[in-house]
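These notes concern the structure reproduced below.
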Amino acid sequence: MPVNTPSDSTKGTARRVAGSYGAKDIQVLEGLDPVRRRPGMYIGSTGLAGLHHLIWEVVDNSVDEAMAGFCTKIIVTLHSDGSCEVVDNGRGIPVDPYPSGPHKGKSALEVVLTVLHAGGKFGGEGYKVSGGLHGVGVSVVNALSVRVVAEVHREGTHFRQEFVDGGKPKGKLQKVGASADKSARGTSIRFWPDPEIFQAEGTEFVVRTVTERMQTIAFLNKNLEVVLVDDRGDKKQKVTFQYKGGIVDFVKHLNQSREALFTKVAHYEATEDDQTLDIALQWNTGYYEGIYGYANGISTVEGGMHVEGFKTALTSVVNKYARASGGLKEKDENLLGEDIREGLTAVVSVKLREPQFEGQTKAKLGNVSMRSFVQKETNTKLEEWFQENPTEANRVVKKAVAAAQARIAAKNARNAIRRKTALSGAGMPDKLKDCTSGDPAQSELFIVEGDSAGGTAVDARDPQTQAILPIRGKILNVERARLDKMLKNNEIQALITAIGGGVGNEEFNVEKARYHKVIILADADVDGSHIRTLLLTFFYRQMRPMVESGFVYIAQPPLFSTEVGKEKVYLKNEAAKAEFLKEHANHKKEFQRLKGLGEMDWQELKGTTMDSTTRTLLQITVDEAAEAENIMSVLMGDDVEMRKEFITTNARDVRNLDF
């Protein structure tokens with residue numbers, strides 16, 4: 001048994017003295033300091049997602065006013081000076097003096113903007129339903145901005161207060177005077193994000209990101225008018241969203257790039273105690289399900305009790321109808337939920353008084369009572385819809401039966417792949433040049449277009465951490481194929497086997513993935529772009545947890561090369577070329593446009609594209625699941641005109657992110 005020597009004992013005492021811990025070591029962060037110290041805890045990140053979260057926090061307050069029945073219009077303006085302004089015609093944030101406690105005498109507006117967990121959503125009288133139940137929304141925006149101007153119109157009077165340097169009041173609440181329109185009411189919050197907080201990716205808002213969110217808000221709040229004004233640069237624009245059909249219009253929008261199985265959209269609503277539901281659904285001829293859950297207007301991207309209740313009831317209703325109509329025979333097994341949900345697009349929107357969200361980002365709804373409520377109402381109302389619409393119901397059953405047959409065929413195909421890999425020994429594809437590291441967190445898989453480029457990549461790699469998988473030509477377009485057909489494709493088989501987590505969203509296990517960086521390395525031309533899109537479609541559809549975990553990347557080989565003296569310089573895109581010309585105004589050498597990986601020798605490929613100390617990668621993320629699903633269908637579906645319009649409209653928002 002080890003014994004402490006005198007020197008050991010002395011060392012231990014020294015450590016205890018040096019590490020003493022008392023009251024003087026306790027630090028209290030006052031006011032909004034906690035937000036500025038750890039902004040990621042409040043807005044998720046300090047990248048683009050966190051930057052846009054500031055807008056969502058302010059807009060959510062206006063939406064709460066709309067859900068309470070007091071607001072009919074919200075205007076969001078992206079100003080040319082980098083600020084964002086959100087204006088609504090709700091009741092207006094209260095401005096009377098706070099009645100008690102440490103904030104006594106301050107205006108309610110100042111308290112709401114400077115104190116965490118202050119708002120009208122806790123006592124039960126201000127709002128019956130609300131999205132921003134954590135009460136940190138607008139105060140967090142104030143904390144992470146260099147300047148905020150809040151204006152309120154109440155009872156014919158115009159009030160104003162300004163805050164600077166992360167939420168400090170510049171002065172007391174001002175009574176500007178009478179409102180120009182005596183009937184005017186509402187709140188305006190204009191904020192300038194702090195560049196020091198968002199220095200990683202900057203403070204420029206992406207108009208498409210804001211547009212998608214504003215359109216979704218309009219869909220979820222029937223008849224609410226949502227206006228987005230982009231007042232920046234040359235391409236100023238103004239767009240208004242307002243939907244009389246609410247989520248019925250939302251489902252039609254989500255299915256617009258697909259072929260609907262029938263024209264009708266099933267829709268039902270219900271109210272019970274302090275909770276309501278609003279559900280719309282329609283099938284398309286595709287092979288992927290899209291169920292989008294919302295609770296009090298907040299997107300629950302991880303689902304929750306409302307989505308669980310809907311799925312359970314849907315499976316029960318369709319099986320019951322299939323038996324009664326003869327679509328399923330007595331000897332047939334019941335259809336599985338995944339069979340029934342093939343090609344389904346559904347919006348499940350619920351509102352409730354005391355939602356239990358898991359985490360600050362409200363990704364999942366935890367109220368058990370909502371599951372039983374949605375399940376009960378769906379069982380009743382969807383069964384009625386099926387009985388009243390037998391033509392549509394029979395098409396659903398027929399499609400689900402075909403999906404079940406394909407599921408069984410896919411299972412057999414998977415088993416065949418497993419047997420094949422077991423017989424071949426190690427089980428990895430012959431053309432995979434694996435890395436020696438057994439740690440997925442340290443391992444990277446480069447999917448390289450073409451055998452010749454694959455050979456160059458093998459020479460350029462770090463064999464300890466970088467694996468190379470060459471693929472020939474263009475893989476199967478998985479948007480237009482069921483899993484059973486996919487599994488017959490050699491390139492897809494190789495991908496599945498190499499990654500090692502399985503395939504299909506019902507089976508795939510991201511914890512078994514052999515690589516935590518899967519990097520698509522393709523040429524910077526049209527064919528390379530097509531291959532990237534096909535691969536991204538495959539990952540999004542069949543290994544979505546890889547995308548959600550941030551494991552999928554696109555390599556960024558340089559587009560241009562030139563010479564400065566005797567040194568060769570590589571530039572990744574047009575923007576980099578323009579920046580180079582600013583720095584080297586008298587540069588006379590020609591720029592070589594690099595279209596193919598085969599044009600580089602292995603040293604060049606390593607230095608520009610594969611070496612982790614010098615390369616640039618584009619990480620693929622999915623922030624808005626519903627819109628991402630729609631975009632993927634537009635890009636990979638059959639509607640050429642819609643695809644062309646999408647690319648033309650959104651080219652201005654493409655960005656390269658460095659990681």
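The values are calculated or read from the model by the stated rules, or taken from the named source; none is laboratory data. Just so you know, these numbers come straight off a predicted model, no measurement behind them. So basically every Cβ, Gly included, is an ideal-geometry build from the backbone, and we count neighbours across all protein chains shown.
Within segment 140-157, residues that are under 12 Å from Gly186 (Cβ atoms) and assigned by TED's automatic domain parsing to the domain that holds Asp194 sit with their Cβ atoms under 7 Å from residues that are assigned to a strand (DSSP E or B) and basic (Lys, Arg), at 6+ positions apart or across chains, in these pairs: Glu151/Arg160. Taken over segment 222-255, the residue count meeting the criterion of being modelled with pLDDT under 95 and under 21 Å from the mean Cα position of the chain (by Cα) is 3. When segment 485-518 is filtered for residues that are free of Cβ contacts under 8 Å to residues at least 60 places away in the same chain and more than 25 Å from Gly337 (Cα to Cα), the ones remaining, listed by number, are Asn489, Asn490, Glu491, Ile492, Leu495, Ile499, Gly500. Residues of segment 342-350 include none that is out of contact with any Phe, Trp or Tyr (no Cβ under 8 Å at 6 or more places or on another chain) and either surrounded by fewer than 23 Cβ atoms within 10 Å (Cβ to Cβ) or not in a helix (DSSP H, G or I) (or both). Looking only at residues in segment 284-309 that are buried (at least 21 other Cβ atoms within 10 Å of the Cβ), of a type in the set (S, T, N, Q) and assigned to a loop (DSSP other than H, G, I, E, B), the one that is farthest from the chain's Cα centre (by Cα) is Asn296.
Residues in segment 173-215 that are among the β-branched types (Val, Ile, Thr) and closer than 19 Å to Ser83 by Cβ: Thr187, Ile189, Ile197, Thr203, Val206, Val207, Thr209, Val210, Thr211.
Being in a loop (DSSP other than H, G, I, E, B), touching a helix residue (DSSP H, G or I) at 6+ places or on another chain (Cβ under 9 Å) and modelled with pLDDT under 90 narrows it down to one residue among Glu479, Glu507; which is it?
After ruling out the rest, the residue left standing is Glu507.
If a residue must be farther than 23 Å from Leu618 by Cα and in contact with a Lys or Arg (Cβ under 8 Å, 6 or more places away or on another chain), how many such residues does segment 561-585 contain? Final tally of qualifying residues: 3. Among the residues of segment 254-283, just one is buried (at least 23 other Cβ atoms within 10 Å of the Cβ) and of a type in the set (Val, Ile, Thr), namely Ile279.
A quick yes/no check of all residues on (1) under 28 Å from the mean Cα position of the chain (by Cα); (2) over 30 Å from Val347 (Cα atoms); (3) at pLDDT below 85; (4) among the acidic types (Asp, Glu):
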position: His584; (1), (2), (3), (4): no, yes, no, no
position: Leu597; (1), (2), (3), (4): no, yes, yes, no
position: Met610; (1), (2), (3), (4): yes, yes, no, no
position: Ala625; (1), (2), (3), (4): yes, no, yes, no
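Selection of segment 439-465 for residues being surrounded by fewer than 16 Cβ atoms within 10 Å (Cβ to Cβ) and at pLDDT below 90 yields Asp451, Ser452.
If I filter segment 64-81 for residues that are modelled with pLDDT under 85 and loosely packed, with under 10 Cβ neighbours inside 10 Å, do I get at least one hit? Checking segment 64-81: not a single residue is modelled with pLDDT under 85 and loosely packed, with under 10 Cβ neighbours inside 10 Å.
The residue that is nearest to Arg461 (Cα to Cα), counting only those in segment 570-600 that are surrounded by fewer than 17 Cβ atoms within 10 Å (Cβ to Cβ) and touching a helix residue (DSSP H, G or I) at 6+ places or on another chain (Cβ under 7 Å), is Gly598. Need a quick list: helices (runs of 4 or more DSSP H) entirely within segment 522-596 having at least 3 residues that are in contact (Cβ under 8 Å) with a residue 60 or more places away in the chain. By residue number, 526-542, 544-548. The residues of segment 151-172 that are touching a Lys or Arg at 6+ places or on another chain (Cβ under 6 Å) and either outside any strand (DSSP E or B) or surrounded by fewer than 17 Cβ atoms within 10 Å (Cβ to Cβ) (or both), listed by number, are Gly156, Glu162, Val164, Gly166. With respect to (1) without any contact (Cβ under 8 Å) to a residue 60 or more places away in the chain; (2) closer than 17 Å to Asp230 by Cα, the lone exception for Ala108 is condition (2). Given the structure, is Val87 modelled with pLDDT of 70 or more and either in contact with a Ser or Thr (Cβ under 7 Å, 6 or more places away or on another chain) or surrounded by 18 or more Cβ atoms within 10 Å (Cβ to Cβ) (or both)? For Val87, the condition - modelled with pLDDT of 70 or more and either in contact with a Ser or Thr (Cβ under 7 Å, 6 or more places away or on another chain) or surrounded by 18 or more Cβ atoms within 10 Å (Cβ to Cβ) (or both) - is met. Quick one: what pairs do we get from segment 384-398, first residue surrounded by 15 or more Cβ atoms within 10 Å (Cβ to Cβ) and of a type in the set (A, V, I, L, M), second modelled with pLDDT of 95 or more and assigned to a helix (DSSP H, G or I), C-beta under 6 Å, 6+ apart or different chains? If the second residue must be modelled with pLDDT of 95 or more and assigned to a helix (DSSP H, G or I), the pairs left are Ala393/Tyr321; Ala393/Phe386; Val397/Ala322.
Table: residues versus (1) closer than 30 Å to Ser80 by Cα; (2) charged (D, E, K, R); (3) assigned by TED's automatic domain parsing to the domain that holds Ala481.
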| site | (1), (2), (3) |
| --- | --- |
| Asn221 | yes, no, no |
| Asp230 | yes, yes, no |
| Asp234 | yes, yes, no |
| Asn255 | no, no, no |
| Thr271 | no, no, no |
| Gln275 | no, no, no |
| Ile279 | no, no, no |
| Gln282 | no, no, no |
| Ile291 | no, no, no |
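Among the residues of segment 45-78, those identified as assigned to a helix (DSSP H, G or I) and closer than 16 Å to Leu228 by Cβ are His52, Leu54, Ile55, Trp56, Val58, Val59, Asp60, Ser62, Val63, Ala66.
Residues in segment 360-374 include at least one that is of a type in the set (Val, Ile, Thr) and modelled with pLDDT of 95 or more.
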